[in-house]
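One structure is given here, and the rest of the page talks about it.
The values are calculated or read from the model by the stated rules, or taken from the named source; none is laboratory data. The structure displayed is predicted, hence computed values, not measured ones. FYI the Cβ positions are ideal-geometry reconstructions off the backbone, even for glycines, and counts take in every protein chain you see.
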Amino acid sequence: MLLVHRPRRFDWSFPKGKLDPGETEIAAATREVQEETGLQVRLGPRLPDRHYEVGGEPKVVHYWTARPAYGADLADFESNHEVDELRWAALPTARQTLSYPRDVELLDAFESAGYDSTPLLVVRHAEAVKRAAWDGAEARRPLKRAGQRQAAKLVPLLSAYGVSRVVSSDAARCVDTVGPYVEASGADLVLDPALAQETAEPGALKERVADLLRRAEPAAVCTHRPLLGPVFEAAGTDLVGLMPAETVVLHHRDGRVVDCEQHAV
């Protein structure tokens, strides 16, 4: 457990901060940790929000479990006016060190969370040109401009979970949804007809999902609305309705989903 010491408040707490204008909670979470500790992190399951008052004003803080990205360490940390000391602590030591009961309560949630799990992101493709307005082959129907903007907004979301493998329907509207992230991150892209609306087969789709749940590798699946039900069924979870470019993060361990959360862009 990584704790930070804030010299202005003379307290020990967890890394946290505020949203920049137009920034998502997910992007802020990873950015603030890096700014305060020098660590690049990959998010795990979400923890309960903390509600309290500061100077009489209500405040809400959103927390996630996280772990350092491969090869990341504290070498880049520099003491500053916001955080002047870092400390790795085992849970019993963290309980004794933290300054606020609300942070100690968060440790209990952390212990019961699937923090040692692996994320699989299920992405519905971004907003595409309507069928009635497209004269070409269905598999080549592209994204609308709004869909292209949605695809760009997916980049920090997939980055926050360290997605290194993207498995997508080979339809253009799916490939273009994950394309910006693949280009920005260098993640492996696998085009799979089993995830395409026109060529999907129930047995093959189920096996693709099962294979991803067996891997200890952060991954993402991009598919079509009619196939979301079979994907979630194959993962052993309830159906989650998604709008274009919305994403569900399935946190899994030993082939079984242990937690999930939903994100819009």
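If I filter the range 58-65 for residues that are of a type outside the set (A, V, I, L, M) and loosely packed, with under 14 Cβ neighbours inside 10 Å, do I get at least one hit? Yes; the residues of the range 58-65 include at least one that is of a type outside the set (A, V, I, L, M) and loosely packed, with under 14 Cβ neighbours inside 10 Å. Hey, any hits in the range 107-121 for a residue that's under 27 Å from the mean Cα position of the chain (by Cα), of a type in the set (A, V, I, L, M, F, W, C), assigned to a strand (DSSP E or B) and within 25 Å of Gly255 (Cα to Cα)? Yes, because at least one residue in the range 107-121 is under 27 Å from the mean Cα position of the chain (by Cα), of a type in the set (A, V, I, L, M, F, W, C), assigned to a strand (DSSP E or B) and within 25 Å of Gly255 (Cα to Cα).
I need the full set of residues from the range 7-45 which are of a type in the set (Phe, Trp, Tyr) and under 22 Å from Asp76 (Cβ atoms), in order please. Correct list: Trp12, Phe14. Checking each residue in the range 215-249 for being out of contact with any Asp or Glu (no Cβ under 8 Å at 6 or more places or on another chain) and within 19 Å of Arg42 (Cβ to Cβ) picks out Arg215, Ala216, Glu217, Pro218, Ala219, Ala220, Val221, Thr247. All of Ala219, Ala210, Ala196 fail the test of being surrounded by fewer than 16 Cβ atoms within 10 Å (Cβ to Cβ), touching a helix residue (DSSP H, G or I) at 6+ places or on another chain (Cβ under 9 Å) and touching a residue at least 40 places away in the same chain (Cβ under 8 Å), apart from Ala210. With respect to (1) more than 28 Å from Asp116 (Cβ to Cβ); (2) in contact with a Lys or Arg (Cβ under 7 Å, 6 or more places away or on another chain), the lone exception for Leu228 is condition (1). Scanning the range 131-141 turns up no residue that is buried (at least 19 other Cβ atoms within 10 Å of the Cβ), in contact (Cβ under 8 Å) with a residue 24 or more places away in the chain, among the acidic types (Asp, Glu) and assigned by TED's automatic domain parsing to the domain that holds Ala171. Could you list, in sequence order, the residues of the range 122-157 that are of a type outside the set (Gly, Ala, Ser) and part of a helix (DSSP H, G or I)? Passing the criteria: Arg131, Glu138, Arg140, Arg145, Gln148, Arg149, Gln150, Lys153, Leu154, Val155, Pro156, Leu157.
If you go through the range 57-71 one residue at a time, do you hit one that is charged (D, E, K, R), under 16 Å from Leu3 (Cα atoms) and at pLDDT below 95? Yes: the range 57-71 contains one or more residues that are charged (D, E, K, R), under 16 Å from Leu3 (Cα atoms) and at pLDDT below 95.
Arg95 meets all of the listed conditions (1) in contact with a helix residue (DSSP H, G or I) (Cβ under 6 Å, 6 or more places away or on another chain); (2) assigned to a strand (DSSP E or B); (3) loosely packed, with under 15 Cβ neighbours inside 10 Å but one, namely (2).
Please verify whether Arg95 is outside the structural domain of Leu228 (by TED's automatic domain parsing) and in contact with a strand residue (DSSP E or B) (Cβ under 7 Å, 6 or more places away or on another chain), treating the condition exactly as stated. No, not satisfied. If you go through the range 21-36 and pick out every residue that is touching a helix residue (DSSP H, G or I) at 6+ places or on another chain (Cβ under 7 Å) and over 17 Å from Tyr115 (Cβ atoms), you end up with 2. Going by what's in this entry, would Val163 be described as under 25 Å from Trp64 (Cα atoms) and not polar (S, T, N, Q)? Yes: the conditions hold for Val163.
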